[in-house]
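A.B. asks: Shown below is the structure under consideration.
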Amino acid sequence: MCGYAQYARLQSSWITPLSNGLSLKDSMIVGTAGFTAALSIQSLQQAGMNKSNQPTIAVTGATGGVGTMAIALLKAKGYDNIIAITSKDNQSPMLKSLGASDIVSPQDIIKDDNKPLQSQCFDYVIDCVGGALATSLLTQISYGGAMSVCGNASGIALNTNILPFILRGIRLIGIDSVAYPNEKRLRIWYEISNAMEFIRKIPITEVRLETLAHKLDSIQHATNIGRNIVSINNQ
Ligand SMILES: NC(=O)c1ccc[n+]([C@@H]2O[C@H](COP(=O)([O-])OP(=O)(O)OC[C@H]3O[C@@H](n4cnc5c(N)ncnc54)[C@H](OP(=O)(O)O)[C@@H]3O)[C@@H](O)[C@H]2O)c1
């Protein structure tokens, strides 16, 4: 827990100035999850995703940090066909309030028949779960679509086959927020700052240091919802 401190001494090259009116608290609400969601969206837009066609975009791990941020950022950018994939069926109202047009369970996506290609259901996918869900989604992306992958919440396996790539021209795009070049970070933060009205709809829990261990358990057991910020003051 050494990162949870009011003041930390860091290399200056690790630091990005606050963008466009964001407060320190806003920047922590967004955090690495929001930055990663914004990178995922940027990568899909570079691969052809454009709101003028209103593509169908699936977001996995929808109630988590990256998932909720991705839905809010997509909505802020004007995308309307956002499919939230979540195992928490009681969170549909929250996900719809962020901008999801439809809620789907992972069980409805993961196919037991293991066919190398399935019906084309999604134009683009933002995946932060990995494992069987990401594997299955790759076979369901429409011709010319793309999937960004940033996480391994359910596992690191990706047991795929070559057909989605050579018969449908699908692109698989890896996202890394850690070593992303410093000179490009400000632009991403600027875009995030313009979406704060949408981001503020995400459930945000303030956690005190003494209850942090309990919260970390809930993250590990996939029961967490939205973003958590740790309150260091007044301990
Ligand atoms: N590449 C990068 O630079 C980068 C940056 C940030 C995060 N990440 C990674 O991205 C992933 C998501 O981060 P996050 O901050 O969104 O995490 P999070 O808040 O814990 O959310 C993860 C979500 O994934 C879903 N999930 C499905 N199966 C799960 C399982 N077996 N265990 C836990 N969650 C499961 C759950 O959503 P539902 O219940 O709604 O299905 C859960 O809420 C993590 O693997 C994280 O390490 C990578």
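The values are calculated or read from the model by the stated rules, or taken from the named source; none is laboratory data. Just so it is clear, the model here is predicted, and its values are computed rather than measured. Because the Cβ atoms are built from the backbone with ideal geometry, glycine has one as well, and the counts that use them run over all protein chains shown.
A.B. asks: Of (1) exposed (fewer than 14 other Cβ atoms within 10 Å of the Cβ); (2) touching a residue at least 12 places away in the same chain (Cβ under 8 Å); (3) more than 10 Å from the ligand (Cβ to nearest atom), SER19 satisfies all except one. Which?
C.D. replies: (1)
A.B. asks: Among THR160, THR139, which is at pLDDT below 95 and either among the aliphatic types (A, V, I, L, M) or over 20 Å from ASN50 (Cα atoms) (or both)?
C.D. replies: Being at pLDDT below 95 and either among the aliphatic types (A, V, I, L, M) or over 20 Å from ASN50 (Cα atoms) (or both) holds for just one of THR160, THR139, which is THR160.
A.B. asks: Shifting gears a bit: So SER97 passes all but one of these: (1) touching a residue at least 60 places away in the same chain (Cβ under 8 Å); (2) over 20 Å from PHE198 (Cβ atoms). Which condition number does it fail?
C.D. replies: (2)
A.B. asks: Can you name every residue in the stretch 43-65 that is of a type outside the set (Val, Ile, Thr), within 19 Å of ASN81 (Cβ to Cβ), outside any loop (DSSP other than H, G, I, E, B) and within 13 Å of the ligand (Cβ to nearest atom)?
C.D. replies: Answer for the stretch 43-65, where residues must be of a type outside the set (Val, Ile, Thr), within 19 Å of ASN81 (Cβ to Cβ), outside any loop (DSSP other than H, G, I, E, B) and within 13 Å of the ligand (Cβ to nearest atom): SER43, ALA58.
A.B. asks: Considering GLN91, GLN107, which residue is more than 25 Å from ARG200 (Cα to Cα) and assigned to a helix (DSSP H, G or I)?
C.D. replies: Values: GLN91 fails: more than 25 Å from ARG200 (Cα to Cα).
Just one listed residue meets the conditions, GLN107.
A.B. asks: Which is surrounded by fewer than 22 Cβ atoms within 10 Å (Cβ to Cβ), in contact (Cβ under 8 Å) with a residue 12 or more places away in the chain and either β-branched (Val, Ile, Thr) or in contact with a Cys (Cβ under 6 Å, 6 or more places away or on another chain) (or both), of THR86, THR56?
C.D. replies: That would be THR56, the only listed residue that is surrounded by fewer than 22 Cβ atoms within 10 Å (Cβ to Cβ), in contact (Cβ under 8 Å) with a residue 12 or more places away in the chain and either β-branched (Val, Ile, Thr) or in contact with a Cys (Cβ under 6 Å, 6 or more places away or on another chain) (or both).
A.B. asks: May I ask you to verify whether LEU39 is more than 14 Å from the ligand (Cβ to nearest atom), surrounded by 17 or more Cβ atoms within 10 Å (Cβ to Cβ) and either of a type in the set (Gly, Ala, Ser) or at pLDDT 95 or above (or both)?
C.D. replies: Criteria not met by LEU39.
A.B. asks: Quick test of your reading of the structure: THR68 fulfils all but one of (1) in contact with a Pro (Cβ under 8 Å, 6 or more places away or on another chain); (2) in a loop (DSSP other than H, G, I, E, B). Name the failing condition by number.
C.D. replies: Among (1) in contact with a Pro (Cβ under 8 Å, 6 or more places away or on another chain); (2) in a loop (DSSP other than H, G, I, E, B), THR68 violates only (2).
A.B. asks: Are there any pairs, at least 6 apart or on different chains, whose C-beta atoms fall under 7 Å, with the first in the stretch 174-185 and on the phi < 0 side of the Ramachandran plot and surrounded by 10 or more Cβ atoms within 10 Å (Cβ to Cβ) and the second at pLDDT 95 or above and hydroxyl-bearing (Ser, Thr, Tyr), and if so, which?
C.D. replies: Filtered contacts from the stretch 174-185: ILE175/THR36; ILE175/SER40; ILE175/SER43; ILE175/SER148; SER177/THR32; SER177/THR36.
A.B. asks: Among the residues that make up the stretch 130-142, is at least one of them within 16 Å of the ligand (Cβ to nearest atom), in contact with a Gly (Cβ under 6 Å, 6 or more places away or on another chain), outside any loop (DSSP other than H, G, I, E, B) and on the phi > 0 side of the Ramachandran plot?
C.D. replies: Yes, that holds for at least one residue.
A.B. asks: Give the stretch 176-235 a look and list any residue that's assigned to a loop (DSSP other than H, G, I, E, B), within 11 Å of the ligand (Cβ to nearest atom) and of a type in the set (D, E, K, R), or say none.
C.D. replies: ASP176
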